[in-house]
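Shown next, in structure tokens, is the structure this report addresses.
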Amino acid sequence: MASLRTPILAANWKMNLGPTAASGFFESFLSRYAARADRTVIMFPSAIALSAARHAAQARPDIQFGVQNVHTAEKGAFTGETSVSMAHDAGAQFVLIGHSERRHVFGETDAQTAEKVSRVSAQGLAPMLCVGEKIEEREAGQTNAVVARQLRAALEGLVKQDARAVGPLVIAYEPVWAIGTGRTATPQDASAAHAGIREELRGLSGAAGDTIPILYGGSVTATNASALLAAPGVDGLLVGGASLDPESWAAICSA
Ligand code: PGA
């Protein structure tokens, strides 16, 4: 299937760039990247740098923002956590959910990703749900099965309430073996996995499943971004390391 309309370029800064560095980043990035109607750019700074980042980009409403994680409770005794309404108040429109580092470093379960997806959607923000297989799962031919399990677990509850409620929602396919390793999936690998995801989304939510953008992530660089974006079924990119440098991020956003 052809890719969906406007490509989404999303930057996941992980635990990099505090408020001062984020401001400096935007000064440089915005001078290199002019607003384009044919691109959607979404930045995921650390929660503590979000306000500074938004302030630095206030002249550019084309740049959208999100947070990298939330807690499902509204408020309370959860030291170190951020609630959805706090993220919203700070200007987040998107929330990354189920990133591989949340799943594999912090032990986040499928059930927790489901709870986060429901909570974020209910409060009017858009989940960007990350899915992807480990290398041993790929080698065992389980890529589609693993990704389908992650999608079903995270989205079934939402879909049961109302298939039309699946949205706004973005999926990011990020094979674990490609994240931060310099080992990128080929455009063919990405297309094949995205086709499996699209099928699963259709199965879960019918025609609404066709409108959900599916991004690729994992060792995207300014060099390989164009080829990945051109791959059938790739609706955008989620970029870690290469989004930390304003020059390379501007090149990726212009790919
Ligand atoms: P990477 O990270 O681009 O550094 O591989 C991508 C991600 O984890 O979202």
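The values are calculated or read from the model by the stated rules, or taken from the named source; none is laboratory data. Please read these numbers as outputs of a predicted model, since none were measured by experiment. Note that we place each Cβ from the backbone using ideal geometry, even for glycine, and neighbour counts take in every protein chain shown. Please note that ligands, DNA and RNA were not included when accessible areas were found on the heavy atoms of the full protein model with its side chains. Shrake-Rupley method; radii C 1.70, N 1.55, O 1.52, S 1.80 Å.
Couple of notes before you dig in:
- The condition (being modelled with pLDDT of 95 or more and within 16 Å of the chain's Cα centre (by Cα)) is satisfied by just one residue among ILE212, ILE179, ILE171: ILE171.
- Failed condition for PRO246, given (1) closer than 20 Å to ARG36 by Cβ; (2) within 18 Å of the chain's Cα centre (by Cα); (3) in contact (Cβ under 8 Å) with a residue 60 or more places away in the chain: (2)
- Subset tally (residues that are part of a loop (DSSP other than H, G, I, E, B) and charged (D, E, K, R)) for region 1-59: 5
- Each residue in region 226-251 was checked for being buried (at least 21 other Cβ atoms within 10 Å of the Cβ) and near the ligand (Cβ under 10 Å from one of its atoms), and 5 pass.
- Flag for PRO187 being closer than 25 Å to SER254 by Cα, open to solvent by 10 Å² or more (accessible area, probe 1.4 Å) and in contact with a strand residue (DSSP E or B) (Cβ under 8 Å, 6 or more places away or on another chain): no
- Flag if ALA145 is closer than 19 Å to ALA114 by Cα, in a helix (DSSP H, G or I), modelled with pLDDT of 95 or more and among the aliphatic types (A, V, I, L, M): yes
- Residue list for region 190-225, restricted to those being within 16 Å of the ligand (Cβ to nearest atom), free of Cβ contacts under 8 Å to residues at least 40 places away in the same chain and either exposed (fewer than 14 other Cβ atoms within 10 Å of the Cβ) or part of a loop (DSSP other than H, G, I, E, B) (or both): VAL220, THR221, ALA222, THR223
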